[in-house]
Amino acid sequence: MLPPDKIEEIKKSSAELGRETEFAYLLDHLEEERRQGITIDTTQVFFKTERREYVIIDAPGHVEFVKNMITGASQAEAAVLIVDVVEGIRQQTTRHAYILSLLGLDQVIAVLNKMDRVGYDQSRFNAVKYDVENFLTSIHVTPTSCIPISALRGDNITSRSADMKWYEGPTFLESLDTLKNTPSPAIKPLLFPIQDIYEMEEQRIAVGRIEAGELHVRQAVKVLPSGETTRIQTIEKFPSRIEKAIAGESIGVTIEDPLFLNRGDVLCRPNAQPALTDTFEATIIWLSKSELNESDRIGMRCATQETTAKVQKISERIDSSTLDIIEKDADKLKNLEVGRLLLETKKPMVIKSFNDVREFGRFVFVRDNDICAGGIIASEEWDEERTTHYHRP
Ligand SMILES: Nc1nc2c(ncn2[C@@H]2O[C@H](COP(=O)(O)OP(=O)(O)OP(=O)(O)O)[C@@H](O)[C@H]2O)c(=O)[nH]1
Ligand SMILES: [Mg+2]
């Protein structure tokens, strides 16, 4: 599906850097990425099959860029975990897989790449497959398939490999088409976090994206955290006006009463109000050279809500690449470590478990204008089991 001028550009850039045609450059646009042969930033590419449309978000593997990887992964519905079959499982494989499970991404396709470099050997594939599946199972991720490929030569990508007749599973493309669509949260009670207020022609329009449920004109709504109630007067979906909007839509609303809505307010149904809480447990991955200490106060953003959170307790400190618990009741977290925390926020927040409503189940920590952690709200399934030790077979 690549347009010819794109292929030309890749050939030219590869030649200039003295390499064979490097399809990796399709996703690595930055000069620095091409020169060093690594991905730094995330890139999106679009394509479609007969079944559906896809957006691929390419994410970097290198440990220095975990933050970018998380940015990419947090927008995804499914993940493709690529393992070099020559190298087998490495630290970056386990760390990335763990982050996927941390983000609740449970649809994962594993591909074992560079089969050409091991002579398309079935036993090498089986050995690495065994490791990968064992590891993923230990963190409660079940790969939908595990596919031997050569990205360079196109084996088992869109068509079956002539050099791996022993492989009977799906090609990569076939396996993409078996992924399930994430169910729409429209059937849940309304959650509409307000992102901004536009003042237009004497009107105040509150804009944002509906994260759960639906909203219609004249519907009664409650504003959180204030608790005031009003009714929806109009729903604007520029440039037109609509009667009803559902989860996933970005809209603007005006209300019947002269209340002052603000960024960070959440509109819900008066009879289906989410709990407001200021104390909860969460799991985070800490991504800053400076440490996070117990009792620290740190900026927190969840959906459009912003507050300051105090770290009441670090109940576990976990190595993100081995999943080993380094320490219980720790007093600090270091770069790239995972922590289970008890947090207390300055103002009451609408918080949901990640499995319930994604946008209200994840958050970031901000210090000195820099995002330094990503986290999710511990759900019922997020228990001791998930942090069991992993031992390579
Ligand atoms: N022999 C062989 N080389 C491959 C294959 N797939 C990729 N490569 C080479 O491996 C190198 C790295 O490829 P990339 O696509 O940049 O790898 P990546 O996983 O995106 O790397 P990061 O994004 O930096 O983590 C490039 O030189 C590719 O040409 C393959 O199937 N066979
Ligand atoms: Mg890359």
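The values are calculated or read from the model by the stated rules, or taken from the named source; none is laboratory data. Note that this is a predicted model, so its numbers are computed, not measured. Don't worry about glycine lacking a Cβ; one is built from the backbone with ideal geometry, like all the others, and counts go over all protein chains shown. Ligands, DNA and RNA are excluded from the accessible area calculation, which covers all protein heavy atoms including side chains. Shrake-Rupley method; radii C 1.70, N 1.55, O 1.52, S 1.80 Å.
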Within the bounds of segment 239-248, is there any residue that is at pLDDT below 95, closer than 30 Å to HIS96 by Cα and small (Gly, Ala, Ser)? yes
Okay, helices (runs of 4 or more DSSP H) sitting entirely in segment 1-84 with 3 or more residues that are touching a residue at least 60 places away in the same chain (Cβ under 8 Å), I get 66-73
Restricting to segment 227-252, name every residue that is open to solvent by less than 70 Å² (accessible area, probe 1.4 Å) and out of contact with any Gly (no Cβ under 9 Å at 6 or more places or on another chain). GLY227, THR230, ILE232, SER240, ILE242, ALA245, GLY248, GLU249
Selection from segment 228-238 of residues more than 20 Å from ALA186 (Cα to Cα) and at pLDDT 95 or above yields GLU228, THR229, THR230, GLN233
Can you name every residue in segment 19-44 that is within 15 Å of ligand 2 (Cβ to nearest atom), open to solvent by 40 Å² or more (accessible area, probe 1.4 Å) and among the β-branched types (Val, Ile, Thr)? ILE38, THR42
Of the numbered conditions (1) more than 10 Å from ligand 1 (Cβ to nearest atom); (2) open to solvent by 30 Å² or more (accessible area, probe 1.4 Å), LEU81 fails exactly one; give the number of that condition. (2)
So is THR94 open to solvent by less than 20 Å² (accessible area, probe 1.4 Å), closer than 23 Å to SER288 by Cβ, part of a helix (DSSP H, G or I) and within 16 Å of ligand 1 (Cβ to nearest atom) or not? yes
Restrict the check to segment 1-18 and report whether at least one residue is closer than 30 Å to ILE376 by Cα and either open to solvent by less than 40 Å² (accessible area, probe 1.4 Å) or within 21 Å of the chain's Cα centre (by Cα) (or both). no
Scanning segment 311-335 for residues that are aliphatic (A, V, I, L, M) and either at pLDDT 95 or above or open to solvent by less than 30 Å² (accessible area, probe 1.4 Å) (or both) gives VAL311, ILE314, ILE318, LEU323, ILE326, ALA330, LEU333
Got at least one residue in segment 109-127 being away from ligand 2 (no atom under 16 Å from the Cβ), within 26 Å of the chain's Cα centre (by Cα) and closer than 22 Å to LYS48 by Cα? yes
Of a type outside the set (Val, Ile, Thr), in contact with a strand residue (DSSP E or B) (Cβ under 8 Å, 6 or more places away or on another chain) and more than 11 Å from ligand 1 (Cβ to nearest atom): does that describe LEU102? yes
